[in-house]
Amino acid sequence: MRHEAFRAVARQSARDTSPRLHDEMRQFLQQFVHGDADASSVVTSEWTPRVDIREERSRFVILADLPGIDPAQVEIWMDKGVLSLKGERAPASQDATDGDANEVRFSRVERNTGRFHRRFTLPDSADADAITASGHHGVLEISIPKRAESTPRRIQVGAVAEAGTRQ
């Protein structure tokens with residue numbers, strides 16, 4: 001029964017040419033099947049760029065896939081230990097360069113468009129004042145240096161002078 005309902009929805013969405021409906025159905029199904037395991041995406045987001053986060057000895061690195069987006073147009077800010085990324089990818093019809101945009105017809109639209117907004121809570125060891133970002137080949141790289149860790153030191157326990165007996 002569950003599979004029949006899914007097939008009916010799939011047949012209906014196959015007839016609909018609205019890319020927005022396709023995106024909404026895909027997002028709904030992803031949340032239904034996989035759950036909302038990642039809360040880094042803000043509710044107002046229309047899509048969520050994929051990221052890799054790695055930790056190196058001296059820094060954390062966030063790699064965000066943002067093909068077709070000028071890295072200079074991505075807003076990045078830190079507030080109270082939370083790193084935020086915000087931007088937008090224009091719909092493909094606005095990218096048309098030959099002729100009127102109304103004359104362009106797509107046979108398939110799979111790339112996500114619209115606004116995105118993601119937030120990441122940084123560990124206390126992150127140096128928020130030294131964060132840098134750069135973009136190349138559709139990947140935004142955010143480098144978050146680690147603060148110099150204080151090395152543990154042994155504290156010597158001294159003996160109390162024996163002037164009298166303490167009780």
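A few comments on the model shown:
- At full extension, Thr44 and Glu56 could sit 1.1 nm farther apart than now, given 0.36 nm per residue minus the alpha carbon distance.
- Rolling a 1.4 Å probe over the protein heavy atoms gives the stretch 100-154 an accessible area of 78 Å² per residue.
- Spin-label model, Val139 to Ser84: label points 7 Å out along the Cα-to-beta-carbon direction sit 2.7 nm apart.
- Cut-off under 5 Å, modelled amide H: who pairs with Leu66 long-range: Val139, Leu140
- Note on Thr132 and Val109: their simple-model spin labels are 3.9 nm apart, each label 7 Å out from Cα toward Cβ.
- The amide H of Phe60, built 1.01 Å from its N in the peptide plane, has Ile144, Lys146 as neighbours under 5 Å, considering only residues 5 or more places off or on other chains.
- Modelled label positions at Asp65 and Ala159, each set 7 Å beyond Cα in the direction of Cβ, lie 6.8 nm from each other.
- Shown here for the stretch 99-150: chymotrypsin sites (Phe, Trp or Tyr not before Pro) in loop regions (DSSP other than H, G, I, E, B) with at most 13 other Cβ atoms within 10 Å, namely Phe106.
The values are calculated or read from the model by the stated rules, or taken from the named source; none is laboratory data. Since the structure is predicted, the reported quantities are computational estimates derived from the model, not experimental observations. With ideal geometry, Cβ positions are generated from the backbone for all residues, glycine too; neighbour counts draw on all protein chains shown. Keep in mind that these areas ignore ligands, DNA and RNA; they rest on the heavy atoms of the full protein, side chains included. Shrake-Rupley method; radii C 1.70, N 1.55, O 1.52, S 1.80 Å.
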